[in-house]
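The values are calculated or read from the model by the stated rules, or taken from the named source; none is laboratory data. Owing to the predicted nature of the structure, the values given are computational and were not obtained by experimental measurement. Here the Cβ is made from the backbone with ideal geometry for all residues, glycine too, and neighbour counts use every protein chain on show.
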Amino acid sequence: MNTDFRAKAIAICDAKIAQKGDNVGLSFYAFFKNKNDDPVTLMQVAQWWIETHQLDHFEKAFKIRAMLADGV
């Protein structure tokens, strides 16, 4: 996952947490618009989420944010 996208994903996590609280969950689809305008990045993030880390469909935003910030 490239650094620009990682920063964007962290910002999205921050916004979700600020809006809905620490217990908010999200899926990797939260990082994308409702259209497939960047399939390469979508597949990279899906692989990171599903294959590499074996995360559930919905995870706590604070957990994903920490993973992204730590470079995991």
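I'm trying to understand the selection: among the residues of the stretch 1-14, which are assigned to a loop (DSSP other than H, G, I, E, B) and surrounded by 13 or more Cβ atoms within 10 Å (Cβ to Cβ)?
From the stretch 1-14, those assigned to a loop (DSSP other than H, G, I, E, B) are 1-2; that's our starting set.
Answer for the stretch 1-14, where residues must be assigned to a loop (DSSP other than H, G, I, E, B) and surrounded by 13 or more Cβ atoms within 10 Å (Cβ to Cβ): just Met1.
In the stretch 15-72, which residue that is assigned to a helix (DSSP H, G or I) and among the polar types (S, T, N, Q) is surrounded by the fewest Cβ atoms within 10 Å (Cβ to Cβ)? Walk me through how you get there before you give the answer.
Taking the stretch 15-72 and keeping what is assigned to a helix (DSSP H, G or I), we get 15-20, 28-31, 39-52, 61-69.
Narrowing further to those that are among the polar types (S, T, N, Q): 19, 41, 44, 47, 52.
On the way: Gln19: 9, Thr41: 16, Gln44: 14, Gln47: 13, Thr52: 11.
The selected residue is Gln19.
Any idea which of (1) in contact with a Leu (Cβ under 7 Å, 6 or more places away or on another chain); (2) at pLDDT 95 or above is the one Gly25 doesn't satisfy?
The one condition Gly25 does not meet is (1).
Are there any pairs, at least 6 apart or on different chains, whose C-beta atoms fall under 7 Å, with the first in the stretch 39-59 and over 16 Å from Gly71 (Cα atoms) and the second loosely packed, with under 13 Cβ neighbours inside 10 Å, and if so, which?
That search, which allows pairs on different chains as well, returns Leu42/Asn36.
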